[in-house]
Amino acid sequence: MMKKIISLIKTDLNITYGLSALQYKFNNKKDRLQTILIAIALLSLIPTYIMIVSGLVKIYDAYIGIGQKNMFLLNGFIYAQLIVLLFGFLYVMSKYYFSNDLNVLVPLPLRPKDIVGAKFVTLMVNEYLTSLPIILPFIIIYGTRGKEGLLYWIYSFILMIFLPVIPLALASIIVMLFMKYTNIKGRKDLLRVIGYIILLIALIGFQFKIQSIAQQSLLEGENFFLEMAQDSNVLVRKLGLVFPPSLWAALSLGNYSSVGGVFNLLLFVGTSIAVFWIMIQLSEKLFFEGLIGGLEVATTGKHKKVKIEDLSRSSLPFLSIGLKEIKILLRTPVYLLNSVLGVVILPLIMVISTTMNGKEALGALSMLTEGNSHIVSLIGIGIITMFGVMNCVGCTTFSREGKSFWIQRVMPIKVKDQIFGRILSSLFVQIIGIIALLASLAFIINISLENVFWITILGLMGSVAMTELGMVIDIFRPLLDWDNPQKAMKQNLNVLIAMGIGALYLGGVGFLVYKLFKTGVNILAIYGIMGLIYIISSYGLYILLKNLIIRQFSILE
Amino acid sequence: MLKLQNLSKTYSKGTVKAVDSVNLDIAPGEIFGFLGPNGAGKTTTIKMIVGLLKPDSGRVFINGIDVWKNPIEAKSQISYVPDSPEIYDKLKGIEYLNFIADMYEIPKHIRQVKMEKYLEIFNLKDAVGDIIGSYSHGMKQKLVLISALLHEPNLFILDEPMVGLDPKSSFQLKEIMRERCDEGKTVFFSTHVLEVAEKLCDRIAIINKGRIIALGTMDELRSHAEERESLEKIFLELTE
């Protein structure tokens, strides 16, 4: 039995992290580029991380100042375990219930707890990647500043090993219960969307909290950390009471040289093992019940009657392609989240951040825009144009076809129709983005009809160019071999490339407009120039796209 | 109707010859069976005919039109049914059919008649309002078949069409293939089911390791082989 489980864990780790495919990956030029790009993206986060860590040093000193240095550790454990819990929901949901290997694993002679146990171990590795960057600075700062002894580091090591267990097991239990009682046929996708939205809101809220703390610290300087240390004592202590494991971890590490330290360490480790054991036992009852039925796409039970009119609903080829794209976008949760929600969330954040930061931000904005309302239009046009690539519709349009791509290639579809239809689907998302942006602008400041007009017209023109740009990249290197729509959109490097090039393009246009605006060129002339740039680039990209599609449609295998 | 001239395709940088100088000339009104063991080059050949795989050399003509030079005109004459029905899971059956009909620009009144006829034949009328993701493999296969028949193609190309079909649908499909040929249209299909090929086809080609090793009517094939009773024996002997 044990052998079986170990083999399961090994295979799962291998698949999840693509270990066997790694060798092949690095020999492949395309994938090497991907690895390098990801490395660059990670490196770019380092400065922010260093800033946060140096802030932590000040917080440590502040806690020393008020003689509460254990609170510093408690902070670390609570944040780390909270983040593990939050991400845990997401990981558990996709790993336990929506991963592709379930079709293979479920029919094998394995007990539910074997499957759940193996998946849990893989997730633990994931969670270490999340929790270590958070907890390590706390432990290192505390250890080096306080010149703690060897036993401190041994304790830290044990605590870090066990840190993700309780939150991840709790997340597993909650998700399994959730899945069991919401296993309503055909509602799986909807639930997933709702879950994602709740998580997104929680993460954005968390982000704003950190942001406002950072802003405050800049305003108040040194005193701030002392104040925060004193303030947060109450909050952290409360949280510690709600979630005692973090408290035990902090107390064990804070008193490592005394009996209390040993006691708390044992309590922490013991509870971790107990919670894990309970989760595994529960999985035996819960896991399959939430799963069975979730693997199939349910029909509505009784068949929907198709009327005669439905049999003869015809439209022009390009319209038909556009409609098909829109339908699939709206009906696939991953696509919906990344396209439509993507363009709605930014305007929403604008509203939230200005209302949360209160009158000062509003005042500054009004001051900026009062003098010249055209600034609003220009910024609005810029945002909408950027949405044109951020909505991911253009730069994944061919990738999303996936294994059905043959349909597009064997049918007598004119290239013109291919391009127009696909642009249409992007513009559909863009119109939603424009409505969201205008509504949130109207909420924050006064906007005129003129603003609405220019943002809509030039925004849409810019969107066409951006969509075409994305399509050029996507047809050049479409990602067709996927079994999970997530890969076509979320994990598609084309999105990143398109965003990079799109940002350069928009930066260029923006710089030109800024220069023109500063030298006092008539605003109508500026709009005219913008429009002209958009038209020329749209046309140029159209020609390029046309040739590329013809070429790629014939040589792809 | 369908003419292949020295069609060749290699994989893995020229080391594996998947299709090696294949020549075929298929007349209107013919049902043509394309046979061969696994990996012989059947699907590769078919993909080159329908425009999914560019040949390394050689040409494909449909009704005199070069598929790789005038793809749109050529493609509007054919329909293709692949071996596995990978289609849009998120569309409803009816939406898929209308989408395909739009691509072939089939007028309203015609598509209504065709859809009703084929949905009835393949017993898919009740399911056509559901999304394709809820269909079984066979139902998807039938939907692809219906969509391929809507525009009454001059050349009907099928890759392993009988796989996954229930006996009734399989029978209906054979009837449809026969009818089409009686109307002077052409059917080209690959299969493993020798019995089907034997009963249905006007002519048969057997491909092995990328080369056509036998071509002709059943009688002609018999005269080539020593064991002459059944196509199975001929097939086994030739592809040894």
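Listed values for the range B:26-41 are Karplus-derived 3J(HN,Hα) couplings in whole Hz (6.51 cos²θ - 1.76 cosθ + 1.60, θ = phi - 60°), namely 10, 8, x, x, 9, 9, 10, x, 10, 10, x, x, 4, x, 7, x, and x replaces Gly and Pro.
With the cut-off at 20 Å, tell me which of the pairs B:Lys3/B:Lys54; A:Lys119/A:Lys403; A:Lys10/A:Lys95; B:Lys69/B:Lys142; A:Lys416/B:Lys185 have Cα atoms farther apart than that. Could you put the intermediate results ahead of the total?
Values: B:Lys3/B:Lys54 16 Å; A:Lys119/A:Lys403 28 Å; A:Lys10/A:Lys95 15 Å; B:Lys69/B:Lys142 31 Å; A:Lys416/B:Lys185 30 Å.
Checking Cα-Cα distances, A:Lys119/A:Lys403; B:Lys69/B:Lys142; A:Lys416/B:Lys185 exceed 20 Å.
Heavy-atom accessible area, probed at 1.4 angstrom with all protein chains present, ranks B:His192, A:His374 as B:His192, A:His374, highest first. Distance between the C-alpha centres of the range B:158-214 and the range A:141-169: 70 Å, rounded to the whole angstrom.
Rounded to the nearest Hz, the phi-derived 3J(HN,Hα) couplings of the range A:407-417 under the Karplus curve 6.51 cos²θ - 1.76 cosθ + 1.60 (θ = phi - 60°) are 4, 5, 8, 8, 9, x, 9, 6, 4, 4, 5, where x marks glycine and proline.
As a fraction of the 1.4 Å probe accessible area of the range A:56-113, surface on carbon and sulfur atoms comes out at 66 percent. Solvent exposure of the range B:1-63 amounts to 38 Å² per residue of accessible area, where only protein heavy atoms count and the probe is 1.4 Å. Close amide-amide hydrogen proximity is noted between B:Arg203 and B:Ile31, B:Gly33, each under 5 Å apart and 5 or more residues distant or on a separate chain (H modeled in the peptide plane; Pro and chain starts excluded). Per residue of peptide B:134-144, the mean number of Cβ atoms on other chains within 10 Å of the residue Cβ is 1. Phi angles across the range A:322-335 convert, under the Karplus curve 6.51 cos²θ - 1.76 cosθ + 1.60 with θ = phi - 60°, into 3J(HN,Hα) values of x, 5, 4, 4, 5, 4, 5, 4, 6, 9, 9, x, 4, 5 Hz, Gly and Pro given as x. Contact residues in the range B:92-111 by the 50 Å² criterion (accessible area, 1.4 Å probe, full protein complex versus chain alone): B:Phe99, B:Asp102, B:Met103, B:Lys108. Note that the range A:367-426 presents 27 Å² accessible area per residue, ligands and nucleic acids not counted, probe 1.4 Å. Ligands, DNA and RNA left out, the 1.4 Å accessible surface of the range B:1-109 is 47% carbon and sulfur atoms. Counting only protein heavy atoms and a probe of 1.4 Å, the accessible surface of the range A:119-176 is 82% carbon and sulfur. Think of the range A:82-186 as having a plus end and a minus end, set by charges on the Cβ of Lys, Arg, Asp and Glu; of A:Leu132, A:Val116, A:Gly146, A:Val116 sits farthest toward the positive end of this dipole.
Let me confirm one metric for peptide B:48-55, namely the mean number of other chain beta-carbon atoms within 10 Å of its residues' beta-carbons.
4
For chain B, the relative contact order comes to 27 percent (Cα pairs under 8 Å, sequence separation of at least 6).
Packing-based ranking of A:527-536, B:198-207 yields B:198-207, A:527-536, ordered from highest to lowest mean Cβ neighbour count within 10 Å.
What ranking do B:112-121, B:150-159, B:231-240, B:40-49 get when scored by the average of other Cβ atoms within 10 Å per residue, highest first? Could you put the intermediate results ahead of the total?
On the way: B:112-121: 17.9, B:150-159: 21.5, B:231-240: 16.3, B:40-49: 24.0.
Taking the mean over residues of other Cβ atoms within 10 Å, the ranking is B:40-49, B:150-159, B:112-121, B:231-240.
Scanning residues 5 or more positions from B:Asn208 or on other chains, those with amide H under 5 Å from its amide H are B:Ile213, with H placed 1.01 Å from N in the peptide plane.
Buried accessible surface for the A/B chain pair comes to about 3900 Å², total over both chains, computed with a 1.4 Å probe. Across peptide B:67-73, the average count of Cβ atoms from other chains found within 10 Å of a residue's Cβ is 2.
The values are calculated or read from the model by the stated rules, or taken from the named source; none is laboratory data. On a predicted model such as this, the values are computed, not experimentally measured, just so you know. Cβ atoms come from the backbone with ideal geometry, glycine included; neighbour counts cover every protein chain shown. Protein only, heavy atoms only, side chains kept; ligands, DNA and RNA dropped before computing areas. Shrake-Rupley method; radii C 1.70, N 1.55, O 1.52, S 1.80 Å.
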